[in-house]
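Beneath this line is the structure, given in structure tokens, with notes to follow.
The values are calculated or read from the model by the stated rules, or taken from the named source; none is laboratory data. Worth saying up front: this structure is predicted, and the values here are computed from it rather than measured. Cβ atoms come from the backbone with ideal geometry, glycine included; neighbour counts cover every protein chain shown.
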Amino acid sequence: THHPFVNYGKKTKASYENMKEAKNYLPGGVTANIKHFAPYPIVMNKANGAWVEDVDGNKYIDYLMGYGSLALGHGHKDIRLAINKQLSDDGTFLFGTPHRLEVEFAKRIQEHYPSMEKMRYTNSGTEATLLAIRLARAFTGKGKIAKFEGHYHGGYNSMLYSINPPLSEAGEEGEPLPVPESSGLDTFKENEPIILPFNHLHATESLIKKHASELAAVIVEPVQGGFIPAKQEFMDLLRKVTKKYGIVLIFDEVKTGFRVSLGGAQSVYNISPDLTTLGKAIGGGFPIGLVGGKEKIMATSSPKVAGDVFDVGQGNNSSAKDTLFHSGTYNGHPTILAAGLATIDRLQKEFSIVEENTTILRRKLEHVAKKANVPIKTVGIGTIFSVLCTREKNIYNYRDLQKTNLPLRKEIDYHLLDEGIYTKPLNRYSLSTEHGEEELNKTINAYERVLNSRLEDGG
Ligand code: PMP
């Protein structure tokens with residue numbers, strides 16, 4: 001039989017045993033819901049460059065790349081060296097005070113993201129969007145946030161709506177309903193976001209207009225999921241409308257930063273958002289987040305301290321509520337900033353090569369699929385893309401994605417796991433500087449075998 005689970009069970013016995021034990025301690029055996037997939041996830045053990053090895057000793061070419069975080073692949077020597085140097089030069093794991101790397105890293109980010117006039121560090125992308133939203137509310141004095149259907153910004157109350165909603169509950173395409181993605185959320189109305197339809201110009205414009213007086217911010221993944229690009233005219237419109245109504249435009253570039261281009265989606269679209277969030281790739285695999293943007297918005301978080309030599313005479317007569325609260329024991333962690341600097345240094349030299357390799361891989365996958373007569377197209381920009389099973393020419397948003405053949409894509413993914421190509425089923429592909437000719441050729445050959453002879457329906 002062709003069924004992908006037959007080999008899976010044989011090859012991943014140790015993963016099965018590991019997951020069985022894990023379930024005794026962790027709900028579902030996992031540390032994040034998305035790490036789970038049927039029949040049980042593969043448990044990894046070692047990694048090097050573009051490769052990962054599981055607890056059974058199976059080797060895979062890794063396209064998950066830490067959900068896109070590993071722009072230099074696994075265990076890159078530049079990052080190891082930078083971390084070691086920082087640990088021995090400074091002799092600390094954590095200062096808990098201002099330190100030099102906080103400025104060095106910020107300068108480097110600003111070179112690539114000039115819209116980030118001032119910035120603040122956090123420990124994750126989730127915290128970054130949370131802070132961005134607070135900044136927007138503090139700055140505008142308004143309360144509501146609009147987000148797009150199918151877009152993810154982190155796992156907290158006000159953003160856990162309409163990421164992957166059942167279409168039966170999601171309302172009209174042009175006026176989507178907020179569908180909660182979790183039990184246990186705060187359910188008061190003020191916290192519920194306005195949901196906008198991505199890449200729908202007229203509907204988005206009229207919804208923003210309708211709610212303008214209560215909207216503090218519109219937050220958007222400018223390339224949805226890191227792979228579905230906004231139309232240029234859609235981004236232009238979003239910039240224009242938010243500006244007109246005094247609404248803060250937040251580009252969530254946690255996935256797209258240093259991925260769709262070095263300068264993120266904002267450089268691709270040539271748009272200057274009011275606030276930007278970054279994460280993932282800027283930490284080279286270590287936990288980090290960053291919020292930055294317009295000086296006047298970021299200044300909301302500047303502490304007003306009596307006796308501050310840079311702020312003479314203004315410090316002591318404002319109330320606590322004038323300053324936006326932002327804190328975090330590990331913000332600007334020195335080891336992580338050292339890893340991030342090494343990542344950006346190396347990426348500056350090699351980004352165009354990774355980008356070119358990604359284009360080659362996509363073109364070859366599409367060619368192999370065409371020859372095998374399997375409806376496949378790739379969608380993406382820069383060094384991330386996804387494989388969609390569809391003959392549809394244009395994929396613009398969540399609802400378009402739901403119309404593609406997701407079961408076929410999943411079936412292909414399980415066969416690819418058996419062939420030693422790792423993507424979490426249905427996940428996107430992220431490349432790294434370590435994906436070279438050997439890895440690309442092996443991937444293409446695996447695709448060729450799967451599409452020509454392994455699919456249930458014969459391909
Ligand atoms: N925003 C976007 C666009 C993301 O892709 C993610 C992570 N998938 C987040 C925010 C949250 O980041 P983190 O997982 O680091 O909290």
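Of everything in the range 41-66, what is out of contact with any strand residue (DSSP E or B) (no Cβ under 7 Å at 6 or more places or on another chain) and surrounded by 19 or more Cβ atoms within 10 Å (Cβ to Cβ)? Give them in sequence order.
PRO41, ASN58, GLY66
Answer with yes or no whether LEU416 is surrounded by fewer than 16 Cβ atoms within 10 Å (Cβ to Cβ) and either touching a residue at least 12 places away in the same chain (Cβ under 8 Å) or at negative phi (or both).
Working: surrounded by fewer than 16 Cβ atoms within 10 Å (Cβ to Cβ): no; either touching a residue at least 12 places away in the same chain (Cβ under 8 Å) or at negative phi (or both): yes.
When the stated conditions are applied, LEU416 does not pass them.
Identify, from the list VAL374, VAL309, the residue that is assigned to a loop (DSSP other than H, G, I, E, B) and at pLDDT below 95. It would help to see each step written out before you state the result.
Numbers: VAL374 fails: at pLDDT below 95.
Answer to the selection: VAL309.
Name the pairs whose Cβ atoms lie under 9 Å apart, with the first residue in the range 125-142 and in the same structural domain as PHE325 (by TED's automatic domain parsing) and under 18 Å from ALA281 (Cβ atoms), the second among the aliphatic types (A, V, I, L, M) and near the ligand (Cβ under 7 Å from one of its atoms), and 6 or more positions between them or separate chains?
Going by the 9 Å Cβ cut-off, the qualifying pairs are GLY125/VAL254; THR126/VAL254; ALA128/VAL254; THR129/VAL254.
Look at ILE395 and say whether it is touching a helix residue (DSSP H, G or I) at 6+ places or on another chain (Cβ under 6 Å), buried (at least 17 other Cβ atoms within 10 Å of the Cβ) and touching a residue at least 60 places away in the same chain (Cβ under 8 Å).
Against the criterion (touching a helix residue (DSSP H, G or I) at 6+ places or on another chain (Cβ under 6 Å), buried (at least 17 other Cβ atoms within 10 Å of the Cβ) and touching a residue at least 60 places away in the same chain (Cβ under 8 Å)), ILE395 does not qualify.
Can you tell me which residues in the range 59-114 are small (Gly, Ala, Ser) and more than 16 Å from the ligand (Cβ to nearest atom)? Spell out how you get there, then give the answer.
Pass one, the range 59-114, residues small (Gly, Ala, Ser): 66, 68-69, 71, 73, 75, 82, 88, 91, 96, 106.
GLY73, GLY75, ALA82, SER88, GLY91, GLY96, ALA106 - these are the residues of the range 59-114 that are small (Gly, Ala, Ser) and more than 16 Å from the ligand (Cβ to nearest atom).
Keeping to the range 146-200, report how many residues are in contact with a Lys or Arg (Cβ under 8 Å, 6 or more places away or on another chain), more than 23 Å from ASN33 (Cβ to Cβ) and surrounded by fewer than 18 Cβ atoms within 10 Å (Cβ to Cβ).
Looking only at that region, the number is 2.
Among the residues of the range 350-371, is any part of a loop (DSSP other than H, G, I, E, B), modelled with pLDDT of 95 or more and within 17 Å of TYR67 (Cα to Cα)?
Checked the range 350-371: no residue is part of a loop (DSSP other than H, G, I, E, B), modelled with pLDDT of 95 or more and within 17 Å of TYR67 (Cα to Cα).
Go through the range 130-171 and report how many residues are modelled with pLDDT of 95 or more, part of a helix (DSSP H, G or I) and either touching a Ser or Thr at 6+ places or on another chain (Cβ under 8 Å) or within 16 Å of the ligand (Cβ to nearest atom) (or both).
10
Out of the strands (runs of 3 or more DSSP E) lying entirely within the range 1-91, which hold 1 or more residues that are of a type in the set (Ser, Thr, Tyr) and touching a Leu at 6+ places or on another chain (Cβ under 9 Å)?
Where strands (runs of 3 or more DSSP E) fall fully within the range 1-91 and carry at least 1 residues being of a type in the set (Ser, Thr, Tyr) and touching a Leu at 6+ places or on another chain (Cβ under 9 Å), they are 59-62.
Scan the range 52-68 and report the pairs whose first residue is free of Cβ contacts under 8 Å to residues at least 40 places away in the same chain and whose second residue is part of a strand (DSSP E or B), with Cβ atoms within less than 8 Å and a gap of 6+ or a chain change.
What qualifies is GLU53/MET44; GLU53/ASN45; GLU53/LYS46; GLU53/ALA47; GLU53/LYS59; GLU53/TYR60.
Please specify each residue of the range 104-127 satisfying the condition of being within 16 Å of LEU337 (Cα to Cα) and among the hydrophobic types (A, V, I, L, M, F, W, C).
Passing the criteria: PHE105, ALA106, ILE109, MET119.
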